[in-house]
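Below is one structure; the comments refer to it alone.
The values are calculated or read from the model by the stated rules, or taken from the named source; none is laboratory data. All figures in this text were calculated on a predicted structure; none of them were measured in a lab. Counting neighbours? That spans all protein chains shown, and the Cβs are built from the backbone with ideal geometry, glycine included. When the accessible area is computed, the model is the full protein with side chains, heavy atoms only, and any ligands, DNA or RNA have been set aside. Shrake-Rupley method; radii C 1.70, N 1.55, O 1.52, S 1.80 Å.
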Number of protein chains: 2
Amino acid sequence: MTEREPLSPLSTSFPSSRKVSAGELEVPQREIALTNGEVLHTYDTTGPQGHDPAKGLPPRRAAWIARRVARGDRNFSQMHCARRGEITEEMRFVAIRENVSPELVRDEIASGRAIIPANIRHPELEPMIIGRKFLVKINANIGNSAVRSSIEDEVEKLCWAIRWGADTVMDLSTGKDIHRTREWILRNAPVPVGTVPIYQALERVGGVVEDLDIELFLAVLEEQAEQGVDYFTIHAGVRLPFIPLTADRVTGIVSRGGSIMAKWCLAHHRENFLYTHFDRICELMQRYDVAFSLGDGLRPGSIADANDAAQFAELETLGELTKVAWEHDVQVMIEGPGHVPMHLIRENMDRQLESCHEAPFYTLGPLTTDIAPGYDHITSAIGAAMIGSFGTSMLCYVTPKEHLGLPDRDDVKAGVIAYKIAAHAADLAKGHPGARERDDALSRARFEFRWDDQFNLSLDPETARAFHDATLPHESAKTAHFCSMCGPRFCSMKITEEVRDMVQRGLSDKAAEFAAGGGELYPSEPVEPRRG
Amino acid sequence: MTEREPLSPLSTSFPSSRKVSAGELEVPQREIALTNGEVLHTYDTTGPQGHDPAKGLPPRRAAWIARRVARGDRNFSQMHCARRGEITEEMRFVAIRENVSPELVRDEIASGRAIIPANIRHPELEPMIIGRKFLVKINANIGNSAVRSSIEDEVEKLCWAIRWGADTVMDLSTGKDIHRTREWILRNAPVPVGTVPIYQALERVGGVVEDLDIELFLAVLEEQAEQGVDYFTIHAGVRLPFIPLTADRVTGIVSRGGSIMAKWCLAHHRENFLYTHFDRICELMQRYDVAFSLGDGLRPGSIADANDAAQFAELETLGELTKVAWEHDVQVMIEGPGHVPMHLIRENMDRQLESCHEAPFYTLGPLTTDIAPGYDHITSAIGAAMIGSFGTSMLCYVTPKEHLGLPDRDDVKAGVIAYKIAAHAADLAKGHPGARERDDALSRARFEFRWDDQFNLSLDPETARAFHDATLPHESAKTAHFCSMCGPRFCSMKITEEVRDMVQRGLSDKAAEFAAGGGELYPSEPVEPRRG
């Protein structure tokens, strides 16, 4: 699909699927109908379809929020509700979505081990939860840059990213239309939207980093919170004393927000104003229930810089700030790297859990090597799957264009799918209940030569079908008991069907003999026969 | 590049690179010239260029082998030489290639912990080593099937696969021209070539599995060994008593060779003839120094079947056969799965090392989920990187077409690059000496905005450059101190340059104060300032 074509309908991407909803809260699911009469339900991030983007999605949370206002609530934070024992609609919604009890959701939110990013000004949201007892989530970055891209592009990128399974999106826009772009995205986003408010703050001061201050920053936060942004990346851990620790790095400071704050600190010879005024930031965010994504401004940008003193000094500070945010009932997740070789990944998870009191971890990859620009969705999917299996709650995607250029539609899809793979592989590794159901359904379809089911159960049915049809285009091949890889004579699955029949016949014939032989079938064979 | 175009010259794929050779054995390397005057040498699998495929490559090993014949050798196995203390040319060659001592190579070969697959009838070979103290290697499968493909296609696929870094290729052809295809591939292969001889044996008996026998099989082995095949996959571990263990699997037996042998065993109610006549197979292979790749015919074909009784029963048998092969001085590696969720991967490695006496492990992926047909190069690169970091010596690639169709040129490249990433990530994780050099060089280039160097140091310079140019096509952007991802104002690397300057000025100004303040720069700042 080229850039300027309108998006295809959902049914083109997911044949034999339909959107259904569960329970009185109408929790979205996708139902895949199989040719053998079975159905499989999958988690669905695609949101309501067929709405005019200029009008936005229906405000499904509006009544829930209105009730809380009516009863006189002043603190709308999910953490606040959870701590006083309340199970909100958002908690019930995610409990159904995750197939767990609402009490588990409440307890995880109350303890800070999970968050539901859900600004009260974002009523279009279909709530979701980020925490290590739940499905591993993925984030897709969208947002224009000063160099290229338009608002319409960004809304389409949003819809495209959630079609393939993005659980949240971050709007990283830095251009002139930053406010309007964000408004369009929020009004059309059934998923939480995150931002990095320092970008807009810097726009306000004409790009002069030294002119940033807390009053300006709080004004930007208020504007974005009013619009409905669900989580803010805030680089409050880039403390002045840590900056010299980056001086000998191969790639210095690679976080945009981190480098802005570092420059401000050094220019003024003062401590980071986000750190010194952290309480005021918390107070503002509490009023809307905006969650923190505490930014890792000093994350390593190369294998050489992984797990260094600067990175871990900042992590300690993020843990300190987590406790402050929790005093305000503000939900927190912690951002993590970056570029990390495989053998250093676990230390990141272990130290994060310890330093940050089990607040959810949200990592960018990590990339496990620097040598493959153009393929960093793969270098990072390896690290993402690993750190996800160790307990990271959300994985920020990386596209093939990382380090090189702006992702287009194909890149967004490639990034999201690579990360769905990583997240799902992690769910399997964690033994998440029900995670294997789709793998098993697909493998059974594969073994039984139900080609259409194999395609339709996959993350990307159109591509799977197209790859099959590239070699065997005829419709009859969709029911054939072989494929082009081996051809009819050598198909192992076909031979296995025969073997299985023989085994089953053999097993009934020989059952007694088998038992007598101590588990060795056909004990008449010599024991060490290979020297024949 | 479409299928029918001739391959582009190497210089198109790798600008600013040239082939060089090291030492009197002329060990190939690729030298990448950087714009700052530095050069980087990389391992090079591309082989001699510009030869007529109909004539084949120059026989660089011919003189080495002739000398051994002249001195009256009867046993040509590298293991035999190593065990009597000899360092062959092949061992010296790989020692230079890996930047290790020839003695280490010899000792690893002698112990069976590494192999140099190098048939004396394959003089065109540039020797390479497979073992866990050396760089992790990757294999690419080529070979036609009954359904499609031609001989010319296969030789081009070989050249294409080694261009991107395949260390060995397996010719899995099953069609009519099986002998001639293999001849073309071998005469043009600077890398070891592996085969699965049971496929040709089955051709010989018209596809009637029951008609297979050891005499026929040995005749096929002899034919292929005479041609110069360097390693044989032989499914001698698919023992009769293990077959019923697969009856309750979700995907039964997915190995083609495994299913053929299982069918034979059950049809005759007899033990696998490859097992019962294993000594005769060893005797033949010793004469040519063909290495075993002991096939995992019972590998799991789905997440559900991973690490089951059938798989591990076979693994035990492969260990038993390893000892027999070693008695004949025949080199051995052990094939491994397949489909394995992340949390079960380490057990595969640990059990393989124990059961198979540290013979090198050679795994297919493993795929870490079943739900992404069309993207199995990614599902499996995750598992491959992990098992590589645990000690697997060679990774068999998986292309995006796995389970769906025949890989074309783009698929072969995508598979090889995904596996170079996995292998290199594993080398980094193992702390392989020198592995990080390329990462660091690329990261320095990135940080210093040497765009051309960043492209040229990458695994796929053409793609990296094209991705960059998609957003910023002008030549001036190749020296610009920003990229399209952030634009000029927000480039973190650019800001970091400024930060670094400030830190360096600040450090000299404040050095004394810093030391006095116990490591906290600017100690005049309040200690817990955030509550401002």
So if I place +1 on the C-beta of Lys and Arg and -1 on the C-beta of Asp and Glu, and nothing else carries charge, what would the dipole magnitude of the protein assembly as shown be about its Cα centre? I want it in debye, nearest 20. 240 debye
Mind checking the mean number of beta-carbon atoms from other chains within 10 Å of the Cβ atoms in B:422-431? 6
Taking H placed 1.01 Å from N in the peptide plane, check which residues at least 5 places from residue A:141 or on another chain put their amide H under 5 Å from its amide H. A:170, A:397
Per residue of A:161-168, other chain Cβ atoms within 10 Å number on average 0
Shortest-first nm distances, residue A:23 label point to equivalent points in other copies (7 Å, Cα→Cβ): 6.6
Run through the DSSP bridge list for chain B and note the antiparallel percent, rounded to the nearest 5. 35 percent
By DSSP, what percent of the beta bridges with both residues in the protein assembly as shown are antiparallel, rounded to the nearest 5? 35 percent
log10 I(q)/I(0), Debye, Cα-only the protein assembly as shown, no solvent, q = 0.07 Å⁻¹? -0.64
How fast does segment A:260-405 diffuse by Stokes-Einstein, in µm²/s, taking the Kirkwood radius from C-alpha pairs at 25 °C and 0.890 mPa s? 155 µm²/s
Using alpha carbons only, how many angstrom separate the centre of segment B:270-307 from the centre of segment B:53-94? 25 Å
Between the label point of residue B:214 and that of the same position in each other copy, find the distances and list them shortest first in nm, with every label point placed 7 Å from Cα along the Cα-to-C-beta direction. 8.5
Counting only other residues whose beta carbon sits under 11 Å from that of residue A:35, what net charge do I get with K and R as +1, D and E as -1? -2
At residue A:248, label 7 Å along Cα→Cβ: distances to the other copies, nm, ascending? 5.9
Quick check for me: using +1 on Lys/Arg Cβ and -1 on Asp/Glu Cβ, what's the dipole size of segment B:215-319 about its Cα centre, in debye to the nearest 20? 360 debye
Quick one: which of A:264-275, B:120-131, A:344-355 comes out on top by average Cβ neighbours within 10 Å, and what's the full order, highest first? B:120-131, A:264-275, A:344-355
If you project the alpha carbons of segment A:199-349 onto the principal axes, what extent comes out on each, in Å, largest first? 42, 32, 22
Carbon plus sulfur fraction of accessible area for chain B, probe 1.4 Å, in percent: 51 percent
Where does each of A:310-321, B:394-405 land if you order them by average Cβ count within 10 Å, highest first? B:394-405, A:310-321
Short version: what are the Cα gyration tensor semi-axes of chain B, square root of 5 times each eigenvalue, largest first, in whole Å? 45, 27, 24
Cα shape, segment A:354-440, gyration tensor, a/c 1.5 rule: oblate
Residues in segment B:88-128 reached by a label modelled at residue B:29 [backbone nitrogen below 12 Å; 7 Å Cα→Cβ]: B:96-100
Restrict the search to segment A:12-95; then list the GluC sites (Glu not before Pro) that DSSP places in a loop and that have at most 11 other Cβ atoms within 10 Å of their Cβ. A:24
Under the rule of at least 5 residues apart or a separate chain, name every residue whose amide H is placed under 5 Å from the amide H of residue A:233. A:195, A:196, A:293
Quantify how strongly other chains surround peptide B:454-463 by giving the mean number of their Cβ atoms within 10 Å of each of its Cβ atoms. 4
Efficiency by 1/(1 + (r/R0)^6): what FRET value for residue B:480 and residue A:36, r their Cβ-Cβ distance, R0 = 35 Å, to the nearest 0.05? 0.05
Which shape class applies to segment B:1-42: rounded if a/c is under 1.5, otherwise prolate when a/b exceeds b/c and oblate if not, where a ≥ b ≥ c are the square roots of the Cα gyration tensor eigenvalues? oblate
Burial ranking of peptide ranges A:460-473, B:356-369 (average Cβ count within 10 Å, highest at the top): B:356-369, A:460-473
Hey, could you grab the Kirkwood Rh for segment B:400-480? Inverse mean 1/r over distinct alpha carbon pairs, Å, one decimal. 14.5 Å
Over the Cα atoms of segment A:119-233 the radius of gyration and the largest Cα-Cα distance (Dmax), both in Å, equal 14.3, 43
Mind jotting down a quarter of the surface of the convex hull over the alpha carbons of segment B:23-83, in square nanometres, one decimal? 7.1 nm²
Within 10 Å of each candidate Cβ there may be at most 10 other Cβ atoms; applying that plus a DSSP loop requirement, which trypsin sites (Lys or Arg not before Pro) in segment B:1-49 survive? B:4
In square nanometres and to one decimal, what's the mean projected area of the convex hull around the Cα atoms of segment B:363-505? 11.2 nm²
For residue A:222 and residue A:208, compute 0.36 nm times the residue count separating them, minus their Cα-Cα distance, and round to one decimal in nm. 2.9 nm
With the dipole of the protein assembly as shown worked out from charges on the C-beta (+1 for Lys and Arg, -1 for Asp and Glu) around the Cα centre, which of B:233, A:179, A:218 lies farthest toward the positive end? A:179
Can you give the local net charge around residue B:225? Use residues other than it whose beta-carbon is closer than 12 angstrom to its beta-carbon, Lys and Arg +1, Asp and Glu -1. -3
Using the reciprocal of the averaged 1/r over all distinct C-alpha pairs, how large is the Kirkwood radius of segment B:252-314 in Å? 13.2 Å
Result for interface chain B to chain A, accessible surface buried in total, 1.4 Å probe, Å² to 100, stands at 11600 Å²
Projected-area mean, segment B:171-280, by convex hull of Cα positions, square nanometres: 7.3 nm²
Of the listed links A:19/A:478; A:420/B:133; A:323/B:494; A:323/B:430, those spanning more than 31 angstrom between alpha carbons are A:420/B:133; A:323/B:494; A:323/B:430
Here, segment B:83-142 modelled as identical Cα point scatterers in vacuum has Debye log10 I(q)/I(0) at q = 0.14, 0.18, 0.28 Å⁻¹ of -0.37, -0.60, -1.31
Using label points projected 7 Å from each Cα along Cα→Cβ, tell me how many nm separate residue B:107 and residue A:7, to one decimal. 6.1 nm
Points 7 angstrom from Cα along the Cβ direction at residue A:323 and residue B:54: gap in nanometres? 8.0 nm
Most to least accessible of A:377, A:474, B:277 (protein chains only, probe 1.4 Å): A:474, B:277, A:377
Give, as a single signed number, the net charge of other residues whose beta carbon lies under 9 Å from the beta carbon of residue B:371, with Lys and Arg counted +1 and Asp and Glu -1. 0
Let me have the 222 nm mean residue ellipticity of chain B computed from DSSP H runs of 4+ only, each contributing -39500 (n - 2.57), with the sum over all residues rounded to the nearest 500. -13500 deg cm²/dmol
log₁₀ of I(q)/I(0) at q = 0.09, 0.14, 0.22 Å⁻¹ - segment A:56-190, Debye sum with one point per alpha carbon: -0.30, -0.70, -1.27
